[in-house]
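Data block below; observations after.
The values are calculated or read from the model by the stated rules, or taken from the named source; none is laboratory data. Just so we're clear, the structure is a prediction, and the values are computed from it rather than from any experiment. In this analysis, Cβ positions are derived from the backbone assuming ideal geometry, glycine residues included, and neighbour counts consider all displayed protein chains. These accessible areas exclude ligands, DNA and RNA; they are computed on the full protein's heavy atoms, side chains included. Shrake-Rupley method; radii C 1.70, N 1.55, O 1.52, S 1.80 Å.
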Amino acid sequence: LLATFFTLLIVFAQLAVAQQGNSSMRSYQLGVGDKIYINVFGEDDLSLETRLPDIGIINYPFLGEIKLVGMTLSEVEKLIYEGLKGDYLINPSVAVTIVEYRPFFIDGEVKQPGGYPYQPGLSVNKAVALAGGYTERASRDDIQVVREQNGKPVSMEVEVGAMIQPGDVITIPQRFF
């Protein structure tokens, strides 16, 4: 009985940690380059996988052109649900998932600057590791991240442990001796 209690306690703790990690991504807004999968259960002709193009608009069956950039996954689900409900389906079951996030970019004093695939839970330090590590001249202070917020680039100074998001541009400055 005690073993069962501890097992349940561990399961609930893991679920709580998973929910905390997902909460920041729950409000994640889609951007150019994200690859998504729209699934309408039982309706293969309405399910599709697509990468959001530069204009942020996709052509969806029966709904035509819809702009998805800046929307959350739940907003996209609701938009498609409302569009299909009634005329085409009685009660469509719509799920939208991210297949592949848009890349992040890192430049400055790293060994291999460039664009890299985003992975949830990525910090500045982990991004630097993907880029081959710091150069000898790299400063671990004054790191700049440019992130698009509400359609506008916002520059912020972050620490090496700061979490990054898809589309971020990280600049590792040179230290002065």
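What the table below lists for this structure:
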{"read-out": "Exposure of residue 109 as accessible area (Å², to 10), given a probe of 1.4 Å and all protein chains", "value": "40 Å²"}
{"read-out": "Heavy atoms of residue 155: accessible area, 1.4 Å probe, square angstrom to 10", "value": "80 Å²"}
{"read-out": "Accessible area in the full protein assembly, largest first, 1.4 Å probe, for 99, 124, 169", "value": "99, 169, 124"}
{"read-out": "Normalised contact order of segment 49-125, rounded percent, pairs of Cα under 8 Å and 6 or more residues apart", "value": "16 percent"}
{"read-out": "11 Å beta-carbon shell around residue 167, net charge (K/R +1, D/E -1)", "value": "-1"}
{"read-out": "Net lengthening on full extension, residue 139/residue 87 (0.36 nm per residue, minus Cα-Cα)", "value": "12.8 nm"}
{"read-out": "Heavy atoms of residue 41: accessible area, 1.4 Å probe, square angstrom to 10", "value": "120 Å²"}
{"read-out": "Among beta bridges that DSSP assigns inside segment 73-177, antiparallel share in %, nearest 5", "value": "75 percent"}
{"read-out": "Qualifying lysines (Cα of each under 22 Å from Cα of residue 126; at least 8 residues distant if same chain)", "value": "111"}
{"read-out": "Base-10 log of normalised Debye intensity for segment 36-108 (one unit scatterer per alpha-carbon) at q = 0.17, 0.19, 0.26, 0.27 Å⁻¹", "value": "-0.63, -0.76, -1.38, -1.48"}
{"read-out": "Relative frequency of Cα-Cα separations exceeding 18 Å in segment 116-177, percent", "value": "33 percent"}
